[in-house]
Amino acid sequence: AQQHTTSVQNGAMLYAQYCYQCHGTKGQGHTGPKINGNPAVSNLTDADLLRIISAGVYDTSNLATPLMPAWSDRYGGPLTDDDIQYLFDLIRSSDPAYLQKNGLSGPNGFNQIPNLIQSQNPTAYQTAVAQESTGQFGNPVDMTKQNKVTIDMGAPPAGATCTPACFAPLNVKVKVGTTITWVNKSTTPHTVTAIQGTDVSNIKIAKNIFDSGISNAITPNATYSYTVTAAAYNFNPKTHTVVYYCQIHPSMLAELTIVQ
């Protein structure tokens, strides 16, 4: 029993380092699925769960970009077999029926993870919690009173996942008819490219909304302007948002929130 408790604690420490960015600060799910007390995960056999943690999950429609990377050092990841077992025990600790069936006891290991992330990296923790509570891009900065708006592409803030630059502000609220000018304040070329829907794990470009183009990328100090259309407002009718990114650096993502 002590061995199980230690394993769960080790798993929580690994999770606080490698996993919370996708699966959430409490395992509640974020861009990746919920793994804290998720019946679909509880129903996986031990072999399947170990295999998924080790080898990752491939996207059958895009083999170059896995839905979840391989974590085991057997497949080029950073984690040993012991580490994989620790993460496995962490996930199983959130399933009381599994613990009972296997004669194990102890608390749900996910409960200790927020404190672990905070102690390791307070800034990253605050960023993660903000993203979880308000969607991936945080609360929009209200610029609805301006007819002209500027968004910078510059150096990433601490704890940011966008590299080698970030859009700032990440999310702006603008009116239809507003002209947005993106300014490249970084040292590399970028694009400003709208995507279809909000699924950033499987990006499809929405040229009909806006796309500065990869063949004439926005070089350092150059700009790209776009005037917000009614089509952009209606593009994702439930949210009235448009997610956009840089085609050259796909981790550079941002959002427009549009009002009429």
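None of the figures in this text is laboratory data; all of them are computed from the coordinates on show. The structure presented is a predicted model; accordingly, all values stated were derived computationally and were not measured. Because the Cβ atoms are built from the backbone with ideal geometry, glycine has one as well, and the counts that use them run over all protein chains shown.
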Unpartnered Cys in the chain, judged by a 4.7 Å Cβ-Cβ cut-off, are 19, 22, 246
Given the convex hull over the Cα atoms of the chain, what projected area results after averaging over all orientations, in nm²?
15.2 nm²
Could you calculate the contour length gain from residue 111 to residue 6, that is, 0.36 nm times the residue separation minus the distance between their Cα atoms, to one decimal place in nm?
36.3 nm
The lysines whose Cα lies under 30 Å from the Cα of residue 185, excluding any fewer than 8 residues away in the same chain, are 145, 148, 173, 175, 204, 207
What is the percent of Cα-Cα separations in the range 51-173 that go past 26 Å?
47 percent
Ignoring everything except DSSP H segments at least 4 long, calculate the 222 nm mean residue ellipticity for the chain; use -39,500 (n - 2.57) per segment, divide by total residues, nearest 500.
-8500 deg cm²/dmol
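Relative contact order, percent, of the chain when contacts are C-alpha pairs under 8 Å separated by at least 6 residues?
On the way: 484 pairs, mean separation 39.0, N = 260.
Once normalised by length, the contact order is 15 percent.
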Suppose every Lys and Arg Cβ carries +1 and every Asp and Glu Cβ carries -1, with no other charges. What dipole size does the chain come out with about its Cα centre, to the nearest 20 debye?
840 debye
Give me the angle, in degrees from 0 to 90, between the Cα long axis of helix 122-134 and the longest principal axis of the Cα atoms of the chain, rounded to the nearest 10.
70 degrees
